[in-house]
Amino acid sequence: MKRVALYAAALGFMVFAGFPFYWMLVTTFKQNRDLYVGASDVSHIPWIFNDPPTLDHVRLLFGETEFPRWVLNTLIVVVAVVVITVAVAVPAGYSLARLAGRWGERMGMGIFFTYLIPPTLLFVPFSRLVALLGLHNSLGALILIYPTMTIPFCTWLVMGFLRSVPWEIEEQAMIDGYSRLAVILRVAPRLIVPGILTVVVFTFTLVMQEFVYALTFISSVEKMTISLGVPIALVRGDVYHWGSLMAAALFTSIPLAIVYNLFIDRFIQGFTMGAVKG
Amino acid sequence: MTRRAVADREDVLGVLMLAPSLAYVILLVGVPFFLAILLSFSNATAGSLRFEWAGFGNYGAILGDPIFQRALRNSVVVTVGSQALVVVLATAAAQVFRATFRGKRFARFILLLPWAVPVSLAAIAWTWIFDSTFSVINWTLKAAGLLHGWLYWLGDPALALVAIIIVQAWRILPFATVIVLAGLASIPQEIVEAAIVDGAGFWRRLFQVELPLLLPVVTVAVLFGVVYTATDLGVVYILTGGGPANTTHVLPTLAFQRGILGADLGQGAAIAVFLLPFLIVVAVAMLRLARRAEVGAR
């Protein structure tokens, strides 16, 4: 009896969380005459394929829209922002965890708090700044601004990660005659690799998801990223191509979902700070 | 010899390695943050670089503007409404997902989906779900005999707010659930066992033993939820665009409409500044929690 309640509750949560994705899936592969039947027609069940599935919407998305271009733009921004974030946040996290002594924690928290300042508060001054730098409507604007969101969180992540790595290995290297700098350059990188991986994944997901700055800075369709182009520019005239729209949403969600599943626990450690021990 | 000395100076190395991160945060978060506040007191426009001090002019203008008043109210309603929903659902979901059952890995994968998908893509999917002609929700309600008229989800101001609250709760729920789960896992097993030995049933254990211990973690989940919801632009922008007739704007969408689309930077900045109370409450609460955790750790 208790098991039944448990499964029922789990199923309920799965339906609530998952049904928009099921709806994306169904919409992606449905023929138009099966898709566009008004919801007031109770005899036509929209949850299932009443006609055989089709690849037309997928073909349209990849062949006749700017979607492939947006994928490329997104990847360019991802790579650039990952490079900047790793180069800036990883040394900072190491510094706070190993070199800063007592004020490391406070400083780290100060940097982390800037993560709470949202894009929607900063987009007004940034629109001015980006115009001044001549970066309006260019991917360069996104590459410059996105690290403001990744660096604070990733500095904090790396600091927290290093806390859990025993100090003995680095200490032994110093006893063996390495200078402090040599330890940082030759010994520490190997120890931080899992931390760096988390930073890369966090940055990847954040760039894939960001919408506000992209909407503010990018105006021409061929410069857009996936998260901006799909909801804003995948509309022809006034007509929404729901099949292709849902295909784009579906194909973008799948890699992100897989990555999230693998790294969720590491992200959560960053968010819960000291509130969860153990 | 001096090179070797510098290579061993922890303070010098520490500052050098921290400097780029600090510079980025100060120049591209700190400075723009103060610029945002400064702009809110100016008559700056996107067209020209010149701007003059406008005192409280922008604030006077927006406070007397019914559209702004409505947006401020909507922001509070959506944030409080969705987070109340999230607290209840996340606590319940955590109770389910702490148990072991067949297919749990798959269930967890599905539960996490809303958090992984980009906000803008989730919002466009929900726009399709709430479509005025093809809404699958309407069909299902009609087929079940529960709906006799018609629900214009995004065309009716009250229903549109309900839709926005549902979508915000939907996308924050996985995050909150996972945080509460992490909190449950960290409750010492002895305490729970002691409660069982003392004869406490499931509900008693939940409300008198676990929930009080979970409070700090639930608070963290809510705080992040508040930040994510109150400052979110994408859901409302895509779902309703602030419509119908400017009734569903929230602070971020109105700030965007006035400041970026309308090119009135001063007024846009002033509207965005009203997000600060949300953020200050969150920041203070977080600091308190962090201090409590520090004290507790000793």
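Within segment A:1-32, if we keep just the residues that are small (Gly, Ala, Ser) and more than 7 Å from chain B (Cβ to nearest Cβ), the residue that is surrounded by the most Cβ atoms within 10 Å (Cβ to Cβ) turns out to be A:GLY12.
Considering segment B:184-200, and only residues there that are among the small types (Gly, Ala, Ser) and without any contact (Cβ under 8 Å) to a residue 40 or more places away in the chain, the residue that is surrounded by the fewest Cβ atoms within 10 Å (Cβ to Cβ) turns out to be B:GLY199.
Per the listing B:PRO157, B:PRO118, the residue uniquely of a type outside the set (A, V, I, L, M, F, W, C), closer than 21 Å to B:GLY234 by Cβ and facing chain A (nearest Cβ under 8 Å) is B:PRO118.
Within segment B:28-76, being within 9 Å of chain A (Cβ to nearest Cβ) and either under 30 Å from A:PRO91 (Cα atoms) or of a type in the set (Gly, Ala, Ser) (or both) holds for B:LEU28, B:VAL29, B:GLY30, B:VAL31, B:PRO32, B:PHE33, B:PHE34, B:LEU35, B:ALA36, B:SER40, B:ALA44, B:ALA46. When segment A:62-79 is filtered for residues that are touching a Leu at 6+ places or on another chain (Cβ under 8 Å) and among the aliphatic types (A, V, I, L, M), the ones remaining, listed by number, are A:ILE76, A:VAL77. State whether the residues of segment A:221-243 include one that is more than 7 Å from every other protein chain (Cβ to nearest Cβ), touching a His at 6+ places or on another chain (Cβ under 7 Å), modelled with pLDDT of 90 or more and closer than 23 Å to A:ASP34 by Cα. There is at least one residue in segment A:221-243 that is more than 7 Å from every other protein chain (Cβ to nearest Cβ), touching a His at 6+ places or on another chain (Cβ under 7 Å), modelled with pLDDT of 90 or more and closer than 23 Å to A:ASP34 by Cα.
Residue by residue, here is whether (1) touching a Lys or Arg at 6+ places or on another chain (Cβ under 9 Å); (2) facing chain B (nearest Cβ under 10 Å) holds:
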{"site": "A:LEU72", "(1), (2)": "no, no"}
{"site": "A:VAL77", "(1), (2)": "no, no"}
{"site": "A:VAL86", "(1), (2)": "no, no"}
{"site": "A:SER95", "(1), (2)": "no, yes"}
{"site": "A:GLY104", "(1), (2)": "yes, yes"}
{"site": "A:ILE111", "(1), (2)": "no, yes"}
{"site": "A:THR114", "(1), (2)": "no, yes"}
{"site": "A:ARG128", "(1), (2)": "no, yes"}
{"site": "A:SER138", "(1), (2)": "yes, no"}
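Elements of the type helices (runs of 4 or more DSSP H) sitting completely within segment B:86-150 and holding at least 2 residues that are free of Cβ contacts under 8 Å to residues at least 12 places away in the same chain and touching a helix residue (DSSP H, G or I) at 6+ places or on another chain (Cβ under 6 Å): these cover B:104-116, B:119-129. Checking the stated criteria, A:ILE143 turns out to be surrounded by fewer than 24 Cβ atoms within 10 Å (Cβ to Cβ) and either in contact (Cβ under 8 Å) with a residue 24 or more places away in the chain or not in a helix (DSSP H, G or I) (or both).
Scanning segment A:58-77 turns up at least one residue that is under 30 Å from B:PRO20 (Cβ atoms) and of a type in the set (S, T, N, Q).
Take the conditions crowded, with 22+ Cβ neighbours inside 10 Å and either out of contact with any Gly (no Cβ under 7 Å at 6 or more places or on another chain) or hydroxyl-bearing (Ser, Thr, Tyr) (or both) and apply them to A:VAL86. Does it pass? Against the criterion (crowded, with 22+ Cβ neighbours inside 10 Å and either out of contact with any Gly (no Cβ under 7 Å at 6 or more places or on another chain) or hydroxyl-bearing (Ser, Thr, Tyr) (or both)), A:VAL86 does not qualify.
Scanning segment B:257-294 for residues that are at the interface with another protein chain (Cβ under 7 Å from one of its Cβ atoms) and within 28 Å of B:LEU154 (Cα to Cα) returns B:GLY259, B:ILE260, B:GLY268, B:ALA269, B:ALA272, B:LEU275. Note on segment A:92-120: residues that are crowded, with 24+ Cβ neighbours inside 10 Å and without any contact (Cβ under 8 Å) to a residue 12 or more places away in the chain amount to 2.
Can you tell me which condition B:LEU173 does not meet? The list is (1) more than 25 Å from B:LEU251 (Cα to Cα); (2) in contact (Cβ under 8 Å) with a residue 40 or more places away in the chain; (3) buried (at least 20 other Cβ atoms within 10 Å of the Cβ), and all the others hold. The single condition B:LEU173 does not satisfy is (1). Per the listing A:ARG190, A:ARG180, the residue uniquely more than 14 Å from the chain's Cα centre (by Cα) and loosely packed, with under 14 Cβ neighbours inside 10 Å is A:ARG190. If a residue has to be facing chain A (nearest Cβ under 10 Å) and either among the basic types (Lys, Arg) or surrounded by 21 or more Cβ atoms within 10 Å (Cβ to Cβ) (or both) to count, how many in segment B:137-154 make the cut? Number of matching residues: 3.
The values are calculated or read from the model by the stated rules, or taken from the named source; none is laboratory data. Owing to the predicted nature of the structure, the values given are computational and were not obtained by experimental measurement. Ideal geometry is used to build each Cβ from the backbone, glycine not excepted, and the neighbour counts take in all protein chains shown.
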